[in-house]
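Before any comments, here is the structure.
The values are calculated or read from the model by the stated rules, or taken from the named source; none is laboratory data. As the structure is a computational prediction, the values presented were derived from the model and not from experiment. Ideal geometry is used to build each Cβ from the backbone, glycine not excepted, and the neighbour counts take in all protein chains shown. SASA here: full protein model, heavy atoms, side chains in, ligands and nucleic acids out. Shrake-Rupley method; radii C 1.70, N 1.55, O 1.52, S 1.80 Å.
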Amino acid sequence: MEKKIAVIRGDGIGPEIVGEAINVLNKVAEKFGHTFIYDETLMGGCAIDAYGDPFPQVSLDKCLNSDAVLLGAVGGPKWDGVPKEIRPERGLLRMRSSLGLYANIRPTKLFPQMKEACPLKPEISEKGVDFVVVRELVSGVYFGEHRSEQVNGQEKATDIMAYTEEEIRRIAHVAFRLAEKRRKKVCSVDKANVLATSRLWRRVVSEVAESYPNVELSHMYVDNCAMQIIRAPHQFDVIVTENLFGDILSDEASIIGGSIGLIPSASMGSGTLGVYEPIHGSAPDIAGTDTANPIGTILAAAELLRNSFDMLTEAKAIEDAVSRVLDDGCRCGDIMSEGMKQVGCREMGRLICEAI
Ligand code: NAD
């Protein structure tokens, strides 16, 4: 297969970690007989410096003309003082809305080698943790009306949470399609005992489930889900939920893996175009020191192959290679523990390539 990937290295450690992910993709291309064509473009602080705009049209065009986007991270103290309209994170928001990305996919996986770094009790973590949170990204209370007014001499604030059937239907399809490629279980999370949006959510997700008879659907209230993620995470395969609940649950889930340096994230829309990135920021405190952990970005490249290119074997080859390198005791600084061998960003990338 020949595929085009828009590459946004971004700021801080972005260029270092994306460089290692590209080395890994090249290794996969060589082993499995694919051709990946990279189209480099700018976003964030480096785009502000070059264009006075964190996500210029030229960058959007390159993303739209690609099959997938690989992103490092954006931002840093150099751009903290720029006007609000051109802050680096504005670039991220504009990219998501311009590309129609309404689903955020956050895998939570505990590599058995990382179990000492996991905050869960061993009797819980040893049952295995491997689930994905699918979060609706462009609607709900974050995008509803926000109002503040004086009522009877005191300030009253209101945030409106709204969902349409179509907004729920399309995210539900993302979750079910993902579950078909995994263990075929979807848990839909809501607060249907209280919220009207949640009752609509439950009805529409249940309707969508009828098109996926091989996937098992369950429903769970969000407060229970927050507990179950800590108490019995092995029960989950794909969790699908609305924007606010997903924001909180995906951050709760991210600590189970041991370090933010290990976790990838994908943002998708209706087509196969997606943006793949690690969950952490640009880590300006360690930029240029060859100490950043590239594993989150390398696993984001695996998600890119799985979700946008349907290359399931190739994605698994990357994940298995990461696991083997961890088995060999190699660790970056953020996940270093006694008796392990500390390696830098470049060396970690090289070892993963070697293990593929
Ligand atoms: P951060 O995630 O960049 O860093 C938090 C801490 O984790 C730092 O100590 C950092 O050194 C460490 N860390 C992060 N990634 C690491 C890795 N791969 N390997 C080893 N250590 C790692 O969060 P922050 O410091 O709050 O933000 C720094 C900048 O990044 C800010 O400008 C922020 O706006 C931006 N940011 C960007 C994104 C994005 O691009 N999606 C996300 C979050 C923050």
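Taking 0.36 nm per intervening residue step and subtracting the Cα-Cα distance, what contour gain separates residue 85 from residue 166 on full extension?
In short, 26.2 nm is gained.
Can you check what the Kirkwood hydrodynamic radius comes to for the chain, Cα pairs only, in Å to one decimal?
After inverting the pairwise mean of 1/r, the radius is 21.1 Å.
Please list, in order along region 134-145, the HN-Hα scalar couplings obtained from phi with the Karplus expression 6.51 cos²θ - 1.76 cosθ + 1.60 (θ = phi - 60°), rounded to whole Hz, x for Gly and Pro.
Computed from phi, the couplings for region 134-145 are 9, 10, 5, 10, 10, 9, x, 5, 5, 10, x, 5 Hz.
Would you list, by chain and number, the aspartates and glutamates whose Cα falls below 15 Å from the Cα of residue 127, excluding same-chain residues fewer than 8 positions away?
Partners within reach: 116, 237.
If DNA, RNA and ligands are ignored and the probe is 1.4 Å, what is the ranking of 159, 290, 328 by accessible area, most exposed first?
Result of the area sort, largest leading: 328, 159, 290.
Just want the answer: with Cβ charges of +1 for Lys and Arg and -1 for Asp and Glu, which residue in 119, 93, 104 is farthest toward the dipole's positive end in region 81-144?
Result: 93, furthest along the dipole toward the positive end.
Give, rounded to the nearest 20 debye, the magnitude of the charge dipole that region 121-259 has about its Cα centre when Lys and Arg contribute +1 at Cβ and Asp and Glu contribute -1 at Cβ.
Taking the Cα centre of region 121-259 as origin, the dipole is about 440 debye.
Skip the ligands, DNA and RNA, and give the accessible area per residue of the chain with a 1.4 Å probe, whole Å².
Per-residue accessible area for the chain comes out at 43 Å².
Could you run the Karplus curve 6.51 cos²θ - 1.76 cosθ + 1.60 with θ = phi - 60° over region 303-308 and give me ³J(HN,Hα) per residue in whole Hz, x for Gly and Pro?
Each residue of region 303-308 in turn: 4, 4, 4, 5, 7, 8 Hz.
Per 0.36 nm of contour for each residue apart, how much would the distance between residue 340 and residue 150 grow if the chain were fully extended, relative to their Cα-Cα spacing?
62.5 nm
If you consider only alpha-carbon coordinates, what radius of gyration and Dmax does region 223-305 have, in Å?
Reported Rg and Dmax, both Å: 14.5, 43.
Sorted from largest down, give the three principal axis spans of the alpha carbons of region 211-356, whole angstrom values.
46, 32, 29
Restricting to Cα atoms and excluding each atom paired with itself, what does the Kirkwood estimate give for region 114-208 in Å?
Over region 114-208, the inverse of the mean reciprocal pair distance is 16.4 Å.
In Å³ and rounded to a whole number, note down the convex hull volume per residue for the Cα atoms of region 146-286.
Expressed per residue, the convex hull around the Cα atoms of region 146-286 is 174 Å³.
Would you mind putting 100-106, 276-282, 248-254 in packing order, based on average other-beta-carbon counts within 10 Å, highest first?
By packing density, highest mean first, the sequence is 276-282, 100-106, 248-254.
Whenever you get a sec, compute what percent of the accessible area on the chain sits on carbon and sulfur atoms (1.4 Å probe).
51
With runs of 4+ DSSP H residues as the only contributors, calculate the mean residue ellipticity of the chain at 222 nm using -39,500 (n - 2.57) per run, divided by the residue total and rounded to the nearest 500.
Rounded to the nearest 500, the figure is -12500 deg cm²/dmol.
Mind putting a number on the dipole of region 30-115 about its Cα centre? Charges go on the C-beta only, +1 for Lys and Arg and -1 for Asp and Glu, and I need it in Debye to the nearest 20.
520
Over 20 Å between Cα atoms, which of 156/191; 181/316; 3/62; 31/115; 316/341; 3/184 qualify?
From 156/191; 181/316; 3/62; 31/115; 316/341; 3/184, over 20 Å: 156/191; 31/115; 316/341; 3/184.
Taking 2.2 N^0.38 Å as the expected size of a compact globular protein, what ratio does the Cα radius of gyration of region 68-129 give against it, to two decimals?
For region 68-129, the normalised Cα radius of gyration is 1.72.
Sorted by packing (mean other beta-carbon atoms within 10 Å per residue), highest first, where do 125-131, 89-95 land?
Order by mean packing, descending: 89-95, 125-131.
How would you order 62-74, 186-198 from highest to lowest mean count of nearby Cβ atoms within 10 Å?
Those peptides, ordered most packed to least, come out 62-74, 186-198.
Would you grab the residues whose amide H sits under 5 Å from the one on residue 330? Only those 5+ places off in sequence or on another chain, please, with H modelled 1.01 Å from N.
It is 341, by chain and number.
Report the relative contact order of the chain, percent, no decimals, based on alpha-carbon pairs under 8 angstrom and at least 6 residues apart.
22
Pick out, from 330, 222, 302, the residue whose Cα sits farthest towards the positive end of the charge dipole of region 217-343, with +1 on the Cβ of Lys and Arg and -1 on the Cβ of Asp and Glu.
330
Rounding to the nearest 20 debye, state how big the charge dipole of region 297-354 is about its Cα centre with +1 on each Lys and Arg Cβ and -1 on each Asp and Glu Cβ.
Taking the Cα centre of region 297-354 as origin, the dipole is about 140 debye.
Can you list, bin by bin at 10 Å, the percent of alpha carbon pairs in region 24-178, starting at 0?
Taking every Cα pair in region 24-178, the percentages come to 8, 21, 28, 29, 11, 2, 1, 0.
Give me, ordered by chain and number, the residues 5 or more places off residue 73 or on other chains with an amide H under 5 Å from its own placed amide H.
Answer set, sorted by chain and number: 11, 14.
Could you go through region 230-239 in sequence order and give the Karplus-derived ³J(HN,Hα) for each residue, using 6.51 cos²θ - 1.76 cosθ + 1.60 with θ = phi - 60°, rounded to whole Hz, and x for Gly and Pro?
Running phi through 6.51 cos²θ - 1.76 cosθ + 1.60 with θ = phi - 60° gives 8, 7, 8, x, 5, 6, 9, 10, 10, 9 Hz.
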